[in-house]
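Accompanying notes for the structure given below.
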C-alpha cells in the first residue's frame, strides 16, 4: 500500500510545495507516495508531475501573479481578510460566475501544463461538491480539474458546483500531513472578525484532529510578509527530506 501524504491548499503559499516534491524525487520515493492535494497545493503537484526540471521557475512566476489573481488567498492575516469582507459587504459586491471562472481559467492556462490525471496516478486532486456536500477526488484533464479545485468563497463562485476542499475540510486524512498554519488568535473587534473566527475555528478543529491521527504531522507557521516563495519552498524541501527518511524506515 502506498504511503499517503496530504497537503492543505487554502492559501497561495502552498505553491511552495514544489520543494517538498523535489525532496521526495531526490530520495527516489516520489512514485511510491500517494499525494492528496486540495486547493493551491494541487498546482505544484501537477506542475512537478509534468515538468519537474522547470517546475521551480514556473511556480516562482506563478507566485507573483497569484498574489494579484487570488487576492484574499494571498493574505495570511485575519485582520486584513476581515477588512476585505467588510468592504465587499458595504459595496454589495456580487460575484459574477463567468468572470470568476475566466480569471481562474486564465491563470491555469498560463501556468499549468495539460495532462490527464487517471485513477492509477499517485496525485489525487480533491474538491468539494456543494450540491452533495461531499469531498470528491477528481480525474480527467489537469486544467479542468483545477478549475474545480481552486475556487474559494470570498473571491470566486463555484465551478460546476465545486469549490476548494481546503476551505471546507482544511486537509484530507494522511499518513503524513503538511499544513500551513497562518490563523492568528487575536481578539475580534468587528462583526466580520467574529464571522471569520467562527468559520476558521471549525476548519482548524478538523485539521487538528487529522494532524493528531497522522503518523507524521508537520505544521509550518507562516509569518506574513516574511514568507516569500523561496523561503516557503525551502521549508517544504526540508520537511520533504525529513519525511523521505522516515518513510524509508517504515
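The values are calculated or read from the model by the stated rules, or taken from the named source; none is laboratory data. Predicted model, so just to flag it, every value in this text is computed and none were measured. For neighbour counting, all protein chains shown are included, and Cβ atoms are generated from backbone atoms with ideal geometry for every residue, glycine included.
Report yes if residue 42 is at pLDDT 95 or above, buried (at least 19 other Cβ atoms within 10 Å of the Cβ), part of a strand (DSSP E or B) and touching a helix residue (DSSP H, G or I) at 6+ places or on another chain (Cβ under 7 Å), otherwise no. When the stated conditions are applied, residue 42 does not pass them. Suppose the filter is under 18 Å from the mean Cα position of the chain (by Cα) and surrounded by fewer than 21 Cβ atoms within 10 Å (Cβ to Cβ); does residue 49 pass it? Taking the combined requirement at face value, the residue satisfies it. Assess whether residue 173 counts as being under 22 Å from residue 217 (Cβ atoms) and either in contact with a helix residue (DSSP H, G or I) (Cβ under 7 Å, 6 or more places away or on another chain) or surrounded by fewer than 16 Cβ atoms within 10 Å (Cβ to Cβ) (or both). When the stated conditions are applied, residue 173 passes them.
Can you work out which of the residues in the stretch 174-219 that are in a loop (DSSP other than H, G, I, E, B) and under 19 Å from residue 7 (Cβ atoms) is modelled with the lowest pLDDT? Can you show your working first?
Taking the stretch 174-219 and keeping what is in a loop (DSSP other than H, G, I, E, B), we get 174-175, 182-190, 214-215.
Adding the requirement that they be under 19 Å from residue 7 (Cβ atoms) leaves 174-175, 182-183, 214-215.
Numbers: 174: 95, 175: 96, 182: 70, 183: 61, 214: 96, 215: 96.
By that ranking, first place goes to 183.
The helices (runs of 4 or more DSSP H) found wholly in the stretch 54-165 and carrying at least 1 residues that are under 23 Å from residue 5 (Cα atoms) and either at pLDDT 95 or above or out of contact with any strand residue (DSSP E or B) (no Cβ under 6 Å at 6 or more places or on another chain) (or both) occupy 55-69, 142-149.
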